[in-house]
Amino acid sequence: MGDSMLDGVMWAAVVGSAAGLLGTGLGGVLSFLIPVSGTRILQRLMGLAGGMMIAVVCFDLIPEAFELSGVPMVAMGIALGAGFILLLDMALDRAGGARQSTPYVKAGLLLGIGIAAHNLPEGLAIGSGMVAFPSLGLGLSIVIAAHNVPEGLAMAAPMRMGGVKKLRIVLLTLAAGLPTGLGAAAGLLLGQISAWAISLCLGFAGGAMLYVISGEMLPTGAAGRHKGFALSFVLGLLLGMALSIWI
C-alpha cells in the first residue's frame, strides 16, 4: 500500500470516527442534562430517535440497497439483521439482564448494538463518497453525526434511568460510534467491493434497526400512551426524511 493510499485510509477513518463518536458520544453526554424523575422526557427522546431511524431505514438504507441488487438479497440482509438482534435479545433475557435491571437498560443496550450495526454501512458511505468527491464524504459525515446525536440520547437516557454509571454510559455511546470509522476506512480501501455485498450489509443494518425500533423502542417509549411520544415520533420521522433528502 502506497503512502498516499495509507494517508487516505487514515483520513477516512478519522473523519468517519469523528462522525460516529461525536454524534453518539455527544448524545450520551447530553443525557446527563435531562431530568430523570419521570419517564415522559425519555419516552419523547425515544420517539424522536425512533422516528429518525425509521426514516433513515425506509428512505435511505433500504432504497439504496434496492438500487444495488434485487429484492432477494435485501430481504436476506433484513432477515439476518433482525435475527441477529433477536438472538442477542434472547441472550440478554437468558442471562437475567432484563430481570436484574429494567426494560430501559435493556432497550438502551439493544439500541446501542443496532446503532453500531448500522454505523458500519454509514461509514462505508463516507469512505466511498470520499473516493468520488472529498466534499461529498465530508458532507455525509456531518449529516451522519447530526442524526447520531438523538440516537446517542435515546441509547443513554434509558440506561441512566436504570442506574448505569455515567462513565459507563459515555463509554458505551462512544463504542456504538466506532464502527463508522472502520466502515469509512473499508469503504475507501475496498472501493471495488461487489454491489451485492454492500446491499446485504445495508439490508442487515436495516433489519437490525427495525427490530430494535419495533421490538424495544416503540413498546417501551409508548408505555402509558402519552401523546408526547407520538408527536415526537412524527417529528423524528420528518427530521429523518429531511436528512435523507439532504444526503
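Readers should treat all values here as calculations from the given coordinates under stated rules, not as data from a laboratory. Predicted model only: the values in this text are computed from it and were never measured. FYI the Cβ positions are ideal-geometry reconstructions off the backbone, even for glycines, and counts take in every protein chain you see.
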Practice prompt. Net charge near Leu61: determine it from the other residues with C-beta under 12 Å of the C-beta of Leu61, scoring Lys and Arg +1 and Asp and Glu -1.
Written response: -4
Fill in: Backbone N within region 51-95 under 12 Å of label point (7 Å from Val234 Cα along the Cβ vector)
none
Discussion item. What is the sum of charges, Lys and Arg at +1 and Asp and Glu at -1, for the other residues whose Cβ falls under 12 Å from the Cβ of Arg160?
Written reply: +3
Practice prompt. Can you tell me how much longer the chain between Ser214 and Ala195 gets when fully stretched, taken as 0.36 nm per residue apart minus their C-alpha distance, in nm with one decimal?
Written response: 4.0 nm
Practice prompt. Please give the peptides 11-19, 82-90, 59-67 ranked by average Cβ packing (other Cβ atoms within 10 Å per residue), highest first, as a rough proxy for protection.
Written response: 11-19, 59-67, 82-90
Discussion item. Give me the net charge for the shell around Leu243: Cβ to Cβ below 13 angstrom, other residues only, Lys and Arg +1, Asp and Glu -1.
Written reply: -3
